[in-house]
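Enquirer: Take a look at this one; I'll ask things after.
The values are calculated or read from the model by the stated rules, or taken from the named source; none is laboratory data. Computed from a prediction, not measured in an experiment: that's the story for all the values here. Glycine also receives a Cβ, built like all others from the backbone with ideal geometry; neighbour counts cover every protein chain displayed.
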């Protein structure tokens, strides 16, 4: 939005007062559910930006199934074993988290709120949980580390240029990140039809096709004008190259020619916890552990890569059984309620990661919105435990669910 015309800037200034009043309302308003936050984000963002986060690959069948499959799991409560309060805390890789929900890696969060990654990381710290930084963030590895003291993990890819993978790992290690997440399901870009239809580019630009969409969301326009350098900040050439050039560079570095030997190599220079994300098959979980992985994230990239892939909650039980307690198993994909988190924990997950919901929170009201999203999960998890007659997370197991 840095190329906006004088007329566009003047129009934005004319609605600044209304936007400020709207933000005051958002900060005072208490959201009742993640679905409500999503609807507010949908109203706040231009359609093409909302769809960038909200959409999935091709028919979006896997994305929808991620959410729907949780509904196939019914609780069998035993309410007479409860207590006045519940303990939602967990221990994970040496960190104490106040609830079993973390913020997962999502690229370009700065499109939803200025310096969105820092806002979300601070919200995670305030909630007592961990934040996973995406390689495609709009702030650098180093700047995020300086901005928050909470538990932080860094997401890395196995690039065609293996030196780039190592460089990111070394920067994250030097900056004090607590763990590294290696995502393995990104060999080629998924085909997201919503983005193609909306002519979405990063960062969004005014065109005849999207002008009406953009100018009818002045609050978002004003925020983007205040942060004109929205770019892939972690890439060395970010200050010299255009975002489009960097996008092409990143895409060209995605690599179908990856193998388990690459994980062996990463293990030689990353001494802290190493978590493999994108696992859907039990044999891959076993192989990852044999190669030195300290954790597994059951994930299908939020339904944004292979359309038709199994939902994560359906894949989870077999992976948990194959892992056999050797390392923690986490899950992401379709987690929209605290009840979904408890269902995943009942099937053996240690914690869940959220992606889209934290972006919706950012769009709604920045750090405040993400804090509210996390508190929604906290209150819903606590209520499920209370109604099931449980007093702490450790008591959640498969007996809580209908066989």
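Enquirer: Being surrounded by fewer than 24 Cβ atoms within 10 Å (Cβ to Cβ) and within 21 Å of residue 302 (Cα to Cα) narrows it down to one of 97, 73, 111, so name that one.
Expert: Being surrounded by fewer than 24 Cβ atoms within 10 Å (Cβ to Cβ) and within 21 Å of residue 302 (Cα to Cα) holds for just one of 97, 73, 111, which is 73.
Enquirer: Let me ask you something else. Which of (1) at pLDDT below 90; (2) in contact with a strand residue (DSSP E or B) (Cβ under 7 Å, 6 or more places away or on another chain) is the odd one out, the single condition residue 184 does not satisfy?
Expert: Going through (1) at pLDDT below 90; (2) in contact with a strand residue (DSSP E or B) (Cβ under 7 Å, 6 or more places away or on another chain) one by one, residue 184 breaks only (1).
Enquirer: Specify the residue that is nearest to the chain's Cα centre (by Cα); the eligible residues are those in the stretch 78-91 that are within 19 Å of residue 383 (Cβ to Cβ) and assigned to a strand (DSSP E or B).
Expert: 90
Enquirer: If you don't mind, there's one more thing I want to ask. Are there helices (runs of 4 or more DSSP H) fully within the stretch 308-403 with at least 2 residues that are within 21 Å of residue 85 (Cβ to Cβ)? List them.
Expert: Counting at least 2 such residues, we get 338-346, 356-388.
Enquirer: Would the stretch 16-27 turn up any residue that is closer than 24 Å to residue 379 by Cα and either modelled with pLDDT of 50 or more or touching a strand residue (DSSP E or B) at 6+ places or on another chain (Cβ under 9 Å) (or both)?
Expert: For the stretch 16-27, residues closer than 24 Å to residue 379 by Cα and either modelled with pLDDT of 50 or more or touching a strand residue (DSSP E or B) at 6+ places or on another chain (Cβ under 9 Å) (or both): present.
Enquirer: When you scan the stretch 92-135, how many residues do you find that are assigned to a helix (DSSP H, G or I) and in contact with a helix residue (DSSP H, G or I) (Cβ under 8 Å, 6 or more places away or on another chain)?
Expert: Within the stretch 92-135, residues that are assigned to a helix (DSSP H, G or I) and in contact with a helix residue (DSSP H, G or I) (Cβ under 8 Å, 6 or more places away or on another chain) number 14.
Enquirer: Can you give me the number of residues within the stretch 266-277 that are closer than 14 Å to residue 289 by Cα and either surrounded by fewer than 15 Cβ atoms within 10 Å (Cβ to Cβ) or touching a residue at least 60 places away in the same chain (Cβ under 8 Å) (or both)?
Expert: Total meeting the criteria: 6.
Enquirer: Another one. For residues that are in contact with a helix residue (DSSP H, G or I) (Cβ under 7 Å, 6 or more places away or on another chain) and in contact (Cβ under 8 Å) with a residue 60 or more places away in the chain, scanning just the stretch 307-330, find the one that is surrounded by the most Cβ atoms within 10 Å (Cβ to Cβ).
Expert: Residue satisfying both the conditions and the ranking: 312.
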